[in-house]
Amino acid sequence: RFLIKGGLAGGAVYVAYDQGLLGSGTQGAEALKKAQEKLPQAIQEWTDYLGWEVRAAQLPATPKFEFSISNSWNKGVHTVMSALSVAPTRACEYTVEGWKYVKDLVK
(Lines give C-alpha, C1' and ligand atoms only; values in the text may rest on other atoms or scores of the structure.)
Protein backbone atom coordinates (compact mmCIF):
# COMPACT_ATOMS: atom_id res chain seq x y z
CA ARG A 1 0.00 0.00 0.00
CA PHE A 2 2.75 2.40 0.95
CA LEU A 3 4.56 1.85 -2.34
CA ILE A 4 1.38 2.37 -4.35
CA LYS A 5 0.57 5.61 -2.51
CA GLY A 6 4.15 6.78 -2.85
CA GLY A 7 4.15 5.98 -6.55
CA LEU A 8 0.90 7.88 -7.10
CA ALA A 9 2.16 10.88 -5.14
CA GLY A 10 5.46 10.84 -7.02
CA GLY A 11 3.65 10.58 -10.33
CA ALA A 12 1.41 13.51 -9.43
CA VAL A 13 4.39 15.66 -8.50
CA TYR A 14 6.18 14.68 -11.72
CA VAL A 15 3.15 15.56 -13.87
CA ALA A 16 2.74 18.89 -12.05
CA TYR A 17 6.44 19.67 -12.61
CA ASP A 18 6.35 18.50 -16.23
CA GLN A 19 3.33 20.71 -17.02
CA GLY A 20 4.98 23.77 -15.47
CA LEU A 21 2.70 24.07 -12.44
CA LEU A 22 5.64 24.24 -10.03
CA GLY A 23 7.41 26.95 -12.02
CA SER A 24 6.82 30.67 -12.17
CA GLY A 25 3.41 32.33 -12.25
CA THR A 26 3.69 32.76 -16.01
CA GLN A 27 4.24 29.03 -16.50
CA GLY A 28 1.26 28.29 -14.25
CA ALA A 29 -0.95 30.65 -16.25
CA GLU A 30 0.14 28.98 -19.49
CA ALA A 31 -0.63 25.53 -18.03
CA LEU A 32 -4.10 26.75 -16.97
CA LYS A 33 -4.83 28.06 -20.48
CA LYS A 34 -3.65 24.78 -21.98
CA ALA A 35 -5.91 22.80 -19.61
CA GLN A 36 -8.91 24.99 -20.46
CA GLU A 37 -8.35 24.31 -24.16
CA LYS A 38 -7.86 20.55 -23.81
CA LEU A 39 -10.58 19.72 -21.26
CA PRO A 40 -13.59 19.64 -23.63
CA GLN A 41 -11.64 17.49 -26.11
CA ALA A 42 -10.64 15.04 -23.38
CA ILE A 43 -14.21 14.72 -22.14
CA GLN A 44 -15.43 14.04 -25.67
CA GLU A 45 -12.74 11.38 -26.21
CA TRP A 46 -13.66 9.59 -22.97
CA THR A 47 -17.38 9.66 -23.69
CA ASP A 48 -16.72 8.24 -27.17
CA TYR A 49 -14.48 5.55 -25.69
CA LEU A 50 -17.07 4.57 -23.07
CA GLY A 51 -19.91 4.64 -25.55
CA TRP A 52 -21.85 7.39 -23.84
CA GLU A 53 -23.76 9.80 -25.98
CA VAL A 54 -23.13 13.30 -24.72
CA ARG A 55 -24.26 16.32 -26.63
CA ALA A 56 -22.35 19.56 -26.45
CA ALA A 57 -25.37 21.25 -24.86
CA GLN A 58 -25.22 18.80 -21.93
CA LEU A 59 -21.63 19.65 -21.05
CA PRO A 60 -21.15 22.64 -18.78
CA ALA A 61 -19.12 25.50 -20.13
CA THR A 62 -15.48 25.68 -19.15
CA PRO A 63 -15.13 28.18 -16.31
CA LYS A 64 -13.37 31.43 -17.14
CA PHE A 65 -10.74 32.60 -14.71
CA GLU A 66 -10.30 36.35 -14.77
CA PHE A 67 -7.44 36.73 -12.31
CA SER A 68 -3.70 36.82 -12.48
CA ILE A 69 -1.94 34.02 -10.64
CA SER A 70 1.17 36.13 -10.17
CA ASN A 71 -0.82 39.03 -8.67
CA SER A 72 -2.61 36.65 -6.30
CA TRP A 73 0.70 35.13 -5.26
CA ASN A 74 2.25 38.56 -4.70
CA LYS A 75 -0.74 39.70 -2.63
CA GLY A 76 -0.39 36.58 -0.45
CA VAL A 77 3.33 37.19 0.02
CA HIS A 78 2.68 40.82 0.99
CA THR A 79 0.00 39.76 3.48
CA VAL A 80 2.26 37.18 5.13
CA MET A 81 5.22 39.56 5.30
CA SER A 82 3.02 42.29 6.75
CA ALA A 83 1.76 39.91 9.43
CA LEU A 84 5.31 38.79 10.24
CA SER A 85 6.56 42.37 10.50
CA VAL A 86 3.81 43.28 12.99
CA ALA A 87 4.11 40.03 14.97
CA PRO A 88 6.78 41.18 17.49
CA THR A 89 4.85 44.34 18.34
CA ARG A 90 1.60 42.44 18.73
CA ALA A 91 3.32 39.79 20.85
CA CYS A 92 4.58 42.52 23.20
CA GLU A 93 1.13 44.11 23.39
CA TYR A 94 -0.54 40.79 24.16
CA THR A 95 2.11 39.97 26.76
CA VAL A 96 1.54 43.29 28.54
CA GLU A 97 -2.24 42.74 28.46
CA GLY A 98 -1.76 39.21 29.80
CA TRP A 99 0.40 40.41 32.70
CA LYS A 100 -2.14 43.08 33.55
CA TYR A 101 -4.90 40.47 33.56
CA VAL A 102 -2.88 38.12 35.80
CA LYS A 103 -2.03 40.99 38.20
CA ASP A 104 -5.71 41.91 38.43
CA LEU A 105 -6.58 38.28 39.23
CA VAL A 106 -3.95 38.07 41.96
CA LYS A 107 -5.09 41.30 43.71
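By how many nm would the segment from S24 to E66 grow when fully extended, if each residue of separation counts as 0.36 nm and the alpha-carbon distance is taken off? Please list the in-between numbers first.
Values: separation 42, 0.36 × 42 = 15.12 nm, distance 1.82 nm.
Full-extension gain reported as 13.3 nm.
Tell me the carbon and sulfur percent of the accessible area for the chain, rounded to whole percent, probe radius 1.4 Å. Intermediate results must be reported in sequence, preceding the final value.
Working: 6210 of 9740 Å².
Carbon and sulfur together cover 64 percent of it.
Would you calculate, for the chain, the mean residue ellipticity at 222 nm contributed by helices, counting each DSSP H stretch of 4 or more residues as -39,500 (n - 2.57) and dividing by all residues, to the nearest 500?
Computed ellipticity for the chain at 222 nm equals -27000 deg cm²/dmol.
Taking the full set of protein chains and a 1.4 angstrom probe, give the accessible area of L32 in square angstrom, rounded to the nearest 10.
L32 has an accessible surface of roughly 60 Å² with all protein chains in place.
Excluding the sites themselves, what is the longest stretch of the chain that contains no GluC sites (Glu not before Pro) in a DSSP loop with at most 16 other C-beta atoms within 10 Å?
Numbers: sites that count: E53, E66.
The longest such stretch corresponds to 1-52.
With every protein chain present, what is the per residue accessible area of segment 64-106 (1.4 Å probe, Å²)?
Numbers: 4050 Å² over 43 residues.
Ligands and nucleic acids excluded, the result is 94 Å² per residue.
Restricting to Cα atoms and excluding each atom paired with itself, what does the Kirkwood estimate give for segment 1-59 in Å?
By the Kirkwood definition, the hydrodynamic radius is 13.8 Å.
The values are calculated or read from the model by the stated rules, or taken from the named source; none is laboratory data. No experiment lies behind these values; they were computed from the predicted model shown. All Cβ positions, glycine included, derive from the backbone under ideal geometry; neighbour counts span all protein chains shown. Each accessible area value is taken on the protein alone, full model and side chains, heavy atoms only, with ligands, DNA and RNA left out. Shrake-Rupley method; radii C 1.70, N 1.55, O 1.52, S 1.80 Å.
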